[in-house]
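> Sending over a structure as structure tokens; questions will come in a sec.
The values are calculated or read from the model by the stated rules, or taken from the named source; none is laboratory data. The structure displayed is predicted, hence computed values, not measured ones. Positions of Cβ are generated from backbone atoms using ideal geometry, with glycine treated the same way; all protein chains shown enter the neighbour counts.
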Amino acid sequence: MMRDSPALATALAIRARELTKRYGDMLAVDHLNLDVHAGEFFGLLGPNGSGKTSTIHMLSTLIRPTGGTAHIAGHDVSNDGVKVRAAIGVVFQESALDRNLSAAENLRFAGLLYDLPRAEIKRRSDELLALFGLTDRRDKPVASFSGGMRRALDIARGVIHRPQVLFLDEPTIGLDLPNRKKIWRFIENLRAETGMTVFLTTHYLEEASECDRVAFIKSGRIVQSGPPHELVRRLGAFVIEIEADDTDRIAAELAPRLGHAMMDGERICFRFNGDAAQLAALQTEFADRIGALRWRKPNLNDVFLWVNETSADCESPAHTPSRDATLQR
Amino acid sequence: MTYRPILAVIEREIVRLFRQKSRLLSAMVRPMIWLFVIGAGFDAMLGQGGGSGGDGASYQYFLVPGVLGMSMLFGAMLAALATVYDKESGVMRMLVVAPFEHYWIVVAKTLSAAIAAAIQAVLVLILLALLGYLSKDLSPPLLVAGIAATSLASASTGMLIAACTKTLDNFAVMMNLVIFPMFFLSGSLYPIQHLPDALRIVAMINPYSYGVDLLKHALPVSGSVNFSTDFSLGLNLAVLLGFSALATAIACARFSRETAYEPLIHMLSRKRGE
């Protein structure tokens, strides 16, 4: 599936092979392989400094890869930057708007940069402002906008030329919950209307559960990928949380039975695939040594925590048993 | 790249020029301060009512091409240096993801800074005409050429600096170490031929001197030998256009080499912890 073929290359919206970015001694992106299909909603997830933004910047031709290749809609990011940029829209973490211009003026400026005729820009601006709930702000300067409105306008700015692939780098960062929800509704509407491929980075994991597929990136490497529900299912049937004073000893004692423990202060978390009877037995056995024992369904957040914990262990050979859960390729 | 993106950049610059009233106002006031405060002061000091040229010509009239040039030097440099603000504020992000080679950004920005400067020059010119400071011997074609070439040369100087600068922490430094020296050592305030050797050589290296001299050709001080021009018309035009082309080429090369832009991208993203 990962072998290169020209037909596959054009059918894919994004294809990266061994994509690498090095800053001095630091490997920001480390031989990354990635396939995103046309129309897919793809999420690249990972902690700060894991290489998400460097990846987006390479895929959008803003920085040059140190090694490897990447194609967007069939165009090479290293040699065909102009064609790649014509096929993509990019919404950066930081605003890309002129605060002194109005919403409509910003959209006109963006549209002209993509060589759209003025009448067409006017038509699309009106559509986008309506879609993003900004119609009544169209002639107000961006400086007077709230963070949520600015972000909405920035996304409208990023899609005015109807790109095949839209890159969203942390689109909801710094926004409060109602505004984050609004932005997601806009993106949903946009996808429903245009069917464009969306490549997203975020560290608000609950938001990524809407993605068709996600990949977890850690120290520039993809450590796990798949559809969110699949990853959650693969993690285990339950997550057990144990509160105790002597967490280290209990973790060590349970490790042979429950596998690697996630330490979280006073709490230990295990993945658990057994049934309720086993849980009850566990509870009885440790009743006098623990403060509390809870179990719950896992979510994408747990996948993220486990990816972080276990892939950190990969660096120390002592914990190799946990690798099976994290290695995809 | 076709014309629409270039027009978009120019249009934005003009909208900003007229929206930033204080910028426009100071562009009008600055030359007038030099003309009336420095000019009148020197006249009073040197020759009591118009003898400072030694042959009856007023120093104030000598200053007219210089203050007209000043409106372009400052207007173009400030517009071009605002590119550094664009780098920081986000508009540059819009430009770098747009589908054309990055050197077009430099070309478009240079043109827009030059046009903004020319507009300010025309406004100052109107002001000078209303105040009666325009020479009767002025040559309209030379004036048009002088405004165009001086605006372009000032804009390309500014773009060259902007392309080599990452932040505007040192904006005041630019003002004091680049713009003011270019103005002082240009023949705007004194004829180059009367300067001491060292200063004269610096003035002859300064491309802006040739812009001021071209404006002196266009706005001659009638009957004065001491206030005459320093260079020939052809030399002025050749230096201004040659320098503009060279500076723009260097700025383009510097800007389209992605490694030059990369530290900025990297810095911007790391500031946010990624």
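> Could you grab me the full set of residues in the stretch B:18-28 that are more than 14 Å from chain A (Cβ to nearest Cβ) and either exposed (fewer than 13 other Cβ atoms within 10 Å of the Cβ) or within 20 Å of B:Tyr190 (Cβ to Cβ) (or both)?
The answer is B:Leu25, and nothing else.
> Restricting to the stretch A:162-189, and then to whatever is buried (at least 17 other Cβ atoms within 10 Å of the Cβ) and of a type in the set (Phe, Trp, Tyr), can you tell me which residue is modelled with the lowest pLDDT?
A:Phe186
> Cβ-Cβ below 7 Å, separation at least six or inter-chain, first residue in the stretch A:173-187 and more than 16 Å from A:Leu134 (Cβ to Cβ), second of a type in the set (Val, Ile, Thr) and buried (at least 20 other Cβ atoms within 10 Å of the Cβ): which pairs?
Here the result reads A:Arg180/A:Thr172, each pair linking the stretch A:173-187 to a residue that is of a type in the set (Val, Ile, Thr) and buried (at least 20 other Cβ atoms within 10 Å of the Cβ).
> In the stretch A:167-210, how many are at positive phi and within 9 Å of the chain's Cα centre (by Cα)?
Adding up the residues that qualify gives 1.
> Could you count how many residues in the stretch B:93-128 are β-branched (Val, Ile, Thr) and within 13 Å of another protein chain (Cβ to nearest Cβ)?
Within the stretch B:93-128, residues that are β-branched (Val, Ile, Thr) and within 13 Å of another protein chain (Cβ to nearest Cβ) number 3.
> Could you tell me whether the stretch A:238-259 includes any residue that is modelled with pLDDT of 85 or more and among the acidic types (Asp, Glu)?
Within the stretch A:238-259, one or more residues are modelled with pLDDT of 85 or more and among the acidic types (Asp, Glu).
> Which number in (1) on the phi > 0 side of the Ramachandran plot; (2) more than 14 Å from chain A (Cβ to nearest Cβ) marks the one condition that B:Gly90 misses?
Among (1) on the phi > 0 side of the Ramachandran plot; (2) more than 14 Å from chain A (Cβ to nearest Cβ), B:Gly90 violates only (2).
> Listed residues A:Ala119, A:Ala152, A:Ala143; which is of a type in the set (A, V, I, L, M), on the phi < 0 side of the Ramachandran plot, at pLDDT 95 or above and part of a helix (DSSP H, G or I)?
A:Ala119
> Just checking, does the stretch A:70-78 include any residue being closer than 15 Å to A:Ser219 by Cα and either assigned by TED's automatic domain parsing to the domain that holds A:Met196 or of a type in the set (Lys, Arg) (or both)?
The answer is no; no qualifying residue exists.
> Still on this structure: Name the pairs: first residue in the stretch B:120-141 and among the small types (Gly, Ala, Ser), second residue not in a helix (DSSP H, G or I), Cβ to Cβ under 7 Å, at least 6 apart or on different chains?
B:Ser135/B:Leu219; B:Ser135/B:Pro220; B:Ser135/B:Val221; B:Ser135/B:Ser222
> For the list (1) in contact (Cβ under 8 Å) with a residue 60 or more places away in the chain; (2) crowded, with 21+ Cβ neighbours inside 10 Å, I need the number of the one condition that B:Val178 fails.
Evaluating B:Val178 over (1) in contact (Cβ under 8 Å) with a residue 60 or more places away in the chain; (2) crowded, with 21+ Cβ neighbours inside 10 Å leaves (2) as the failure.
> Something else about it: Within the group B:Ile14, B:Ile38, B:Ile6, which residue is surrounded by 17 or more Cβ atoms within 10 Å (Cβ to Cβ) and either in contact (Cβ under 8 Å) with a residue 24 or more places away in the chain or over 19 Å from the mean Cα position of the chain (by Cα) (or both)?
B:Ile6 is the lone residue from the list that is surrounded by 17 or more Cβ atoms within 10 Å (Cβ to Cβ) and either in contact (Cβ under 8 Å) with a residue 24 or more places away in the chain or over 19 Å from the mean Cα position of the chain (by Cα) (or both).
> Another question, if that's okay. Within the set of pairs 6 or more residues apart or between chains, which connect a residue that is closer than 17 Å to B:Val96 by Cα inside the stretch A:72-84 to a residue that is charged (D, E, K, R) with Cβ atoms less than 7 Å apart?
Once the first residue is closer than 17 Å to B:Val96 by Cα and sits in the stretch A:72-84, its partners that are charged (D, E, K, R) give A:Ser78/A:Arg64; A:Val82/B:Glu101.
> Another question about this same structure. So, of the residues in the stretch A:89-127 that are within 7 Å of chain B (Cβ to nearest Cβ) and touching a residue at least 60 places away in the same chain (Cβ under 8 Å), which turns out to be farthest from B:Ile10 (Cα to Cα)?
A:Gln93
> For the stretch B:105-124, give me each residue that is surrounded by 20 or more Cβ atoms within 10 Å (Cβ to Cβ) and not β-branched (Val, Ile, Thr).
B:Ala108, B:Lys109, B:Leu111, B:Ser112, B:Ala113, B:Ala114, B:Ala116, B:Ala117, B:Ala118, B:Gln120, B:Ala121
> Can you tell me which residues in the stretch A:190-213 are in a strand (DSSP E or B) and surrounded by 21 or more Cβ atoms within 10 Å (Cβ to Cβ)?
A:Thr197, A:Val198, A:Phe199, A:Leu200, A:Thr201, A:Thr202
> Within the stretch B:182-274, considering only helices (runs of 4 or more DSSP H) that don't extend past its boundaries, which have at least 3 residues that are surrounded by 19 or more Cβ atoms within 10 Å (Cβ to Cβ), modelled with pLDDT of 95 or more and more than 14 Å from chain A (Cβ to nearest Cβ)?
B:207-218, B:233-256
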